[in-house]
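The values are calculated or read from the model by the stated rules, or taken from the named source; none is laboratory data. What you see is a predicted model; the values in this text were computed from it and never measured. Quick reminder, even Gly has a Cβ in these numbers, built from the backbone with ideal geometry, and neighbours come from all protein chains shown. Ligands, DNA and RNA are excluded from the accessible area calculation, which covers all protein heavy atoms including side chains. Shrake-Rupley method; radii C 1.70, N 1.55, O 1.52, S 1.80 Å.
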Amino acid sequence: MFDIALKMLFGDRAKYAMLVSGIAFATILMTQGFALFFGILSFSYATISNVRSPIWVFDPLVQQIADNQPLRDTDVDRVRSVEGVAWAAPLYIGGATAKLLGDGGSSQQVTLIGIDANTLAGAPTNLLSGNVLDLRMAESVIVDANFVFQVKALRGKELKLGDVFEMNDRRARIVGIASLSQGMGGATSIYTTWDRAKGYAPSQRKMLTHVLASPQAGRSLAEVCRAITEATGLKAVSEAEFKDMSELFMVKYSPIPFVVGLMVVIGFVIGVAISGQTFYAFILENTRYLGALKAMGTSNTTLAAMILLQALIVGLTGFGLGVGVMSAFFSSLPPGRVPLLLLWPVPVGVLCAVLFICMGAALLSVLRVSRIEPAIVFRS
Amino acid sequence: MSTPATAETTATPAPGQPAVCLRAVDKSFRNGDQITPVLKQVDFTALAGEMLLLVGPSGCGKTTLLSVLCGTLHADAGRIEAFGHTLSALSPALVTRFRASHVGFIFQQFNLLPTLTAAENVAVPLRIQGVSAAKALPRARELLARVGIGDKAGERPNRLSGGQQQRVAIARALVHDPALIVCDEPTSALDSVTGHQVMDLLRGTASDGRRTVIVVTHDPRIYRYADRMAEMEDGRILRVLPSPAAIAAAHPHA
């Protein structure tokens, strides 16, 4: 009887297209909602994604990446001396003002990242142009492609390798352009060396904000993090844990996830309304024929299985179409600039939601069909 | 008649012997607080191999009686026996299985599945019984040829005329060789010529003596096809006309 169920479903192409479109639309709504939610959250740890280090060490008071509590310069050596640490390097993260030359002094706020000149630990890996080793040259910086984009959009100036601008009255020459994740509020990043960053950033007594580290081969991240914390009194976490901390901070203390979460919920409710109602209406339209099948001796169990199969097919097809459309749309967007992140839990979650909606509508339909008097078919 | 162990087995009575018996059957419909009795202590017998017409004014209970005797509607009280089964004592699941194996249906509005071809529609009762499509479809095409529309096997119902659709419905009612065929107003949606062609076909299905055909109708044009006729009024069997001659005498203008 399953082939009959499929023919009932596919036979009327217009109705089938309408059903699948409804589910696809619901999928699109939910996918963009979830992707926006995760995208906004990913902005909270953009710098962690850009720097990339197995272990991050910072002041125990720090709760997220944007919260910079100064460390002593000697903390780098203290971390380096812990058993199980392969290497440790200083890192500066802070705000700076990039002042464009020959542009009437217009300026851009940026996130300044100072990395160790010897190891270049934390240097950007996705360079669009230039060479990361050139960071060792005098006055050199690597800028975010989003910074180039913003300067062009806002100031009409197209920055390229070799161009010079100022930070804290010091010259900065572009030796590389990297594709980096953008932070909250459109914040872009500029890389330089740790020593040079101390000159570009507003002066403070203690400039070290983080220590980057890596475990020796054969040592686990958790084990080495624990050892660093015990030996130094600083907090040491893996990259994933630091991202989670930053996400959690944003979820707890920022209104943005609530607003976006509300959009996700609304998307889900609209999805339920559209797809559930569409499928239920499909069953209602077929009540007479399902009644005829029942009169002719089809059991409630068989009818239920037929309806569930139809719901499953509609759900999977609509989901595939919707998620395909969204994937194509997302991949057409410039990377790192738009807060839409299609992590694997998004399609999996949306698939579960779609199946939940379809199966819910199907179960309601099954309930209705099970109550149909087969004698209904004798009524004209 | 005794109740056999399974709903699929058939105790086939000899032609002229009782095939379906209703004793003191009541059926009411509830609408809010209002209860409307539709069948009142109905006693009724259909014989094997006969074509029996159920006639009467609208609302007299014909269709309800048809529904009860074929097991699509549960009676409130009374005893219903059909082909060796006490339907009124069977579980709903067994009644469903009884319908699948013993009853062929012909509906006023045909109720053909619009997305299936004629042959696929005809094959449905066999598919319900678990017969594979590969085995059911050739049998369905054979039946379509028997009712004169073998060339329409691949057409969907919306490409067929009303008469052709009713022929598909007749083929569907016969495909699993049921002992009982119930027809609800089979000619009401058809013109006169097509109606007579359909009744000729139905008449033929009963004439081998193995099948009982019960027809609910308002259409006097088809009275002459009946072996017997039960006249109903206000939820009761008013009288049973026992032969074609008695029907002709009672309804001379039919």
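For the pair the stretch B:126-142 and the stretch A:216-251, the centres of their Cα atoms are 67 angstrom apart.
Sites counted here are trypsin sites (Lys or Arg not before Pro) in a DSSP loop (not H, G, I, E or B) having no more than 12 other Cβ atoms within 10 Å; the longest part of chain A that contains none of them is A:207-380.
On the protein assembly as shown, 57 percent of the accessible area sits on carbon and sulfur atoms, based on a 1.4 Å probe. Accessible area of A:ILE256 (1.4 Å probe, protein heavy atoms only, ligands and nucleic acids ignored): about 60 Å². Charges were assigned to the Cβ only: +1 to each Lys and Arg, -1 to each Asp and Glu. The resulting dipole of the stretch A:72-233 about its Cα centre is roughly 240 debye.
I need the shape label for chain A. Rule: rounded when a/c is under 1.5, else prolate if a/b > b/c, else oblate, with a, b, c from the alpha carbon gyration tensor. It is prolate, given that a/c is not under 1.5 and a/b is the larger ratio. One Cα centroid belongs to the stretch B:167-182, the other to the stretch A:10-76; the line between them spans 62 Å. Of the residues A:ASN146, A:SER179, A:GLY114, the one whose Cα sits farthest towards the positive end of the charge dipole of the stretch A:72-233 is A:ASN146 (charges of +1 on Lys and Arg Cβ, -1 on Asp and Glu Cβ, taken about the Cα centre).
The value of relative contact order for the stretch B:96-186, using C-alpha pairs under 8 Å at least six residues apart, is 48 percent. Every helix of 4 or more DSSP H residues in chain B counts as -39500 (n - 2.57), and over all residues that averages to -9500 deg cm²/dmol at 222 nm. The GNM of chain B, with springs linking C-alpha atoms under 10 angstrom apart, assigns the highest mean-square fluctuation among B:ALA153, B:ALA145, B:ALA206 to B:ALA145. When each full DSSP H helix of chain A is screened for a Cα extent of at least 30 Å along its own axis and an average Kyte-Doolittle hydropathy of at least 0.5, the helices passing are A:13-43, A:300-331, A:345-371. Taking A:THR193, A:THR119, B:THR63 and ordering them by how much accessible surface each has at a 1.4 Å probe, largest first, produces A:THR119, B:THR63, A:THR193. Along the axis of the charge dipole computed for the protein assembly as shown (Cβ charges of +1 for Lys and Arg, -1 for Asp and Glu, origin at the Cα centre), the listed residues A:SER44, A:ILE372, A:GLN216 are led at the positive end by A:ILE372. Normalised by the number of residues in the stretch A:72-233, the average gap of Cα pairs under 8 Å and 6 or more apart makes the relative contact order 36 percent.
Looking at the stretch B:153-248, what % of its DSSP beta bridges pair antiparallel, to the nearest 5? Counting only bridges with both partners in the stretch B:153-248, antiparallel ones make up about 50 percent. For the stretch B:56-211, the gyration tensor built on C-alpha atoms gives an oblate shape. Its axis ratio a/c (a ≥ b ≥ c) is at least 1.5, and a/b is not larger than b/c.
Of the listed residues A:THR317, B:THR117, the order by accessible area with a 1.4 Å probe, largest first, is A:THR317, B:THR117. Positive contributions from Lys and Arg (+1) and negative ones from Asp and Glu (-1), summed over other residues with Cβ under 15 Å from the Cβ of A:GLU247, come out at -2. The residues of the stretch A:1-49 occluded by other protein chains by 40 Å² or more of accessible area, set against the chain on its own, are A:MET1, A:ILE4, A:LYS7, A:GLY11; surface from heavy atoms, 1.4 Å probe. Annotation for the A:B interface, with buried accessible surface near 2300 Å², both sides summed [1.4 Å probe; non-protein components not counted]. Of all DSSP-defined beta bridges confined to the stretch A:72-233, some 70% are antiparallel rather than parallel. Taking Cα centre as origin and charging only the Cβ of basic (Lys, Arg, +1) and acidic (Asp, Glu, -1) residues, the dipole magnitude of chain A rounds to 780 debye.
Within the shell of other residues whose beta carbon sits under 12 angstrom from the beta carbon of B:PRO57, the net charge comes to -2, with Lys and Arg scored +1 and Asp and Glu -1. Taking every C-alpha pair closer than 8 Å and separated by at least 6 residues, the mean separation divided by the residue count of chain A gives a relative contact order of 30 percent.
Between B:GLN165, A:ALA35, A:ILE55, whose Cα lies farthest towards the positive end of the dipole of the protein assembly as shown when Lys and Arg beta carbons carry +1 and Asp and Glu beta carbons carry -1, centred on the Cα centre? It is B:GLN165, whose Cα lies furthest towards the positive end.
Taken about its Cα centre, chain B carries a charge dipole of about 460 debye when Lys and Arg each add +1 at the Cβ and Asp and Glu each add -1 at the Cβ.
Protein heavy-atom accessible surface, 1.4 Å probe, per residue over the stretch A:72-233: 45 Å².
Specify whether the C-alpha gyration tensor of the stretch A:72-233 places it in the rounded, prolate or oblate class, a ≥ b ≥ c being the square roots of the eigenvalues: rounded for a/c under 1.5, otherwise prolate if a/b is larger than b/c and oblate if not. In terms of gyration-tensor shape, prolate.
In chain A, the calculated helix contribution to ellipticity at 222 nm averages -16500 deg cm²/dmol per residue, counting -39,500 (n - 2.57) for every DSSP H run with n ≥ 4. Ordering B:HIS74, B:HIS253 by accessible surface, largest first, gives B:HIS253, B:HIS74; the 1.4 Å probe counts only protein heavy atoms, with every chain in place. Legend: mean number of C-beta atoms from other chains within 10 angstrom of residue C-beta atoms, peptide A:279-288, equals 1.
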